[in-house]
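Contents: one structure, followed by commentary.
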Amino acid sequence: MDLTTQQAKAAARALRTALAEEGVEVGHARALELVARQLGARDWNTASAWLGAPRAVEPSTGPVVPVLRIQDEALARELYVEYLGFVVEWEHRFDPEAPLYLQVRRGASVLHLSEHHGDGVPGTVVRIPVSDLRALHDEVAARGHRRVRPGIESSPGGATMEVPDPFGNALRFYQA
């Protein structure tokens, strides 16, 4: 409810005026109680405290971005970019010998791949929704990969194609 206390009081005055035009006299306190009941409060004191309370603004959040641990840049690029069709959006190293951290995207799906110790845990599973799983399967099968040949499985959440990466993580592309 986005009413202020002043707006509720104005509604009580308007109610008194409308009832008076119908020949029904109601005091201001009674009109406030009636407005409070219309707002779902048990009485005016409860309604005015509720209406005057500052509203908590829920912070907005964005999409979740999983961080997957990788141990070999060449193997990661081979699977994620060359085979699965993700595009590298950016990459970062503190210096040329430092571990790699990069962001890849395919459509609306964004993943962070990190060589940093402590980022991600090998064995992580990421579920990625797709609109046409068969088309994705055909696309990656046409590219081929020396270590990966996923199929499409039926599962309770819909058809699923699981692609293991060389680091123990699994990408589960699914179509609900």
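Taken together, the values in this text are just the output of simple stated rules run on the coordinates, not laboratory data. In this text the structure is predicted, and so the values were computed from the model without any measurement. Every residue, glycine as well, gets a Cβ built from its backbone with ideal geometry; the counts of neighbours run over all protein chains shown.
So here's what we get for this one:
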{"item": "Coordinate range along principal axes, alpha carbons of region 69-128, Å, largest first", "result": "30, 22, 18"}
{"item": "J(HN,Hα) series, region 88-96, from Karplus relation 6.51 cos²θ - 1.76 cosθ + 1.60, nearest Hz, glycine and proline x", "result": "6, 8, 6, 9, 9, 9, 5, 7, x"}
{"item": "Value at 222 nm in deg cm²/dmol, rounded to 500, when DSSP H runs of n ≥ 4 in the chain each add -39,500 (n - 2.57)", "result": "-9000 deg cm²/dmol"}
{"item": "Which of Gly40, Ala53, Ala11, positive extreme of dipole for region 11-71 (C-beta unit charges)", "result": "Ala53"}
{"item": "For Leu68, residues with placed amide H under 5 Å, excluding near neighbours", "result": "His112, Leu113, Ser114"}
